[in-house]
Amino acid sequence: MIGAALDWLRDVRRRKTWTAAQAAGRRGEDLAHRFLRRQGFVIVARNYRLASGDAEADLIAWEGETLVVVEVKSRTSAEYGPPDRAIGEEKLRHMLRVARRYVAKSGTPWEHVRFDVVTVLLKPNPEITHFRGTRFSRKDAEHAKF
């Protein structure tokens with residue numbers, strides 16, 4: 001309850017200085033972060049960006065022994081289709097690059113990596129959907145076109 005009120009206050013402040021799209025995206029990330037924590041995930045990074053700045057993951061979390069790279073997609077309505085449709089090949093390549101770098105840094109076996117998507121429809125009562133489990137094989141990770 002308190003967390004939701006704080007999210008709302010942060011959102012009001014952001015809308016004064018950020019574009020509407022930036023504020024909506026960050027609000028979606030805040031809601032997804034709280035949702036995953038309630039599901040038992042341990043969030044270890046938000047907006048994790050490679051040093052080169054050309055790839056980013058919205059959230060990186062642990063679910064038990066599994067490292068989860070999460071993309072959050074937020075929309076104010078489903079008028080133009082579900083938010084997850086906005087994830088293209090380029091974004092998948094970026095998620096894969098971020099995961100490879102994080103795995104190398106943390107020493108996590110590739111078999112313990114999963115890619116999830118959380119969609120958030122920003123309605124008065126936001127709708128959050130969690131799509132679990134895209135896994136790339138080690139071969140995919142090594143041979144992906146970057």
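General remarks:
- The number of residues in the range 42-60 that are under 13 Å from the mean Cα position of the chain (by Cα), exposed (fewer than 15 other Cβ atoms within 10 Å of the Cβ) and not hydrophobic (A, V, I, L, M, F, W, C) comes to 2.
- Selection status of VAL103, of a type outside the set (Lys, Arg) and under 14 Å from the mean Cα position of the chain (by Cα): no
- Taken over the range 77-91, the criterion of being in contact (Cβ under 8 Å) with a residue 24 or more places away in the chain and either surrounded by 15 or more Cβ atoms within 10 Å (Cβ to Cβ) or part of a helix (DSSP H, G or I) (or both) is satisfied by PRO83, ASP84, ILE87.
- The set of residues in the range 93-118 that are within 16 Å of ASN47 (Cα to Cα), part of a strand (DSSP E or B) and not aliphatic (A, V, I, L, M) comprises PHE115, ASP116.
- Among residues of the range 21-30, those that are surrounded by 13 or more Cβ atoms within 10 Å (Cβ to Cβ), over 11 Å from the mean Cα position of the chain (by Cα) and not basic (Lys, Arg), counted: 2
- Qualifying residue in the range 24-44 (condition: free of Cβ contacts under 8 Å to residues at least 24 places away in the same chain, among the aliphatic types (A, V, I, L, M), assigned to a helix (DSSP H, G or I) and under 20 Å from LYS123 (Cα atoms)): no
- Filter result (surrounded by fewer than 16 Cβ atoms within 10 Å (Cβ to Cβ) and either among the hydrophobic types (A, V, I, L, M, F, W, C) or without any contact (Cβ under 8 Å) to a residue 12 or more places away in the chain (or both)) within the range 93-110: ALA104, LYS105, GLY107, PRO109
- Within this structure, GLU63 passes the test of being closer than 11 Å to ASP116 by Cβ and at pLDDT 85 or above.
- Residues of the range 1-55 that turn out to be at pLDDT 80 or above and not aromatic (Phe, Trp, Tyr), as a count: 30
The values are calculated or read from the model by the stated rules, or taken from the named source; none is laboratory data. Small disclaimer: the values here were computed from a predicted structure and weren't measured. Please note: Cβ atoms are built from the backbone with ideal geometry, for glycine as well, and neighbour counts cover all protein chains shown.
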